[in-house]
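The values are calculated or read from the model by the stated rules, or taken from the named source; none is laboratory data. Predicted model, so just to flag it, every value in this text is computed and none were measured. Backbone-built Cβ (ideal geometry, glycine too); neighbour counts: all protein chains shown.
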Amino acid sequence: MTDFDERERAFEAKFARDAEMNFRVVARRNKLLGHWAAQRMKLTPEEDEAYSKSVVQAEFEELGDEDVVRKLLGDMTAAGVDTSDSEVRGQLELCAVEARRQLELD
């Protein structure tokens, strides 16, 4: 095996690890975001858990974060919670930092 082949395999392995970590960070971020929204909507612990899972699922509707932001804004508005797009996006960023921190500790 040549050095080039070894380097190529190393880059491919790093790419796969980075992609998996990014997926895990986004899923954890969305779960944390779901818990935050559930608390704001005063959901019960059981409803909180189910809601946070539904936020994780919302990520798969379309590429990017718009589906998650749209879900939270719609749900929180329907529940009578005063919120804004910028508040949800700000919390999304905070949850992303916390999710990465949690996964790095694992």
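Descriptive notes on the structure:
- Any hit, the range 48-65, residues being farther than 17 Å from THR83 by Cα, in contact (Cβ under 8 Å) with a residue 60 or more places away in the chain, touching a Lys or Arg at 6+ places or on another chain (Cβ under 6 Å) and not polar (S, T, N, Q): no
- Across the range 31-52, the qualifying residues are those that are out of contact with any Leu (no Cβ under 7 Å at 6 or more places or on another chain) and closer than 21 Å to LEU103 by Cα, and the one among them that is surrounded by the fewest Cβ atoms within 10 Å (Cβ to Cβ) is GLU49.
- Just one residue in the set ARG24, ARG17 is surrounded by fewer than 16 Cβ atoms within 10 Å (Cβ to Cβ), assigned to a helix (DSSP H, G or I) and in contact (Cβ under 8 Å) with a residue 24 or more places away in the chain; that residue is ARG24.
- Neighbours by Cβ (under 6 Å, 6+ apart or cross-chain): first from the range 72-92, touching a residue at least 60 places away in the same chain (Cβ under 8 Å); second assigned to a helix (DSSP H, G or I) and of a type in the set (Phe, Trp, Tyr): none
- With respect to being modelled with pLDDT of 95 or more, in contact with a helix residue (DSSP H, G or I) (Cβ under 6 Å, 6 or more places away or on another chain) and aliphatic (A, V, I, L, M), VAL68 fits the description.
- Set side by side, the residues VAL56, VAL88 differ, and just one is part of a helix (DSSP H, G or I) and either closer than 18 Å to PHE23 by Cβ or acidic (Asp, Glu) (or both), which is VAL56.
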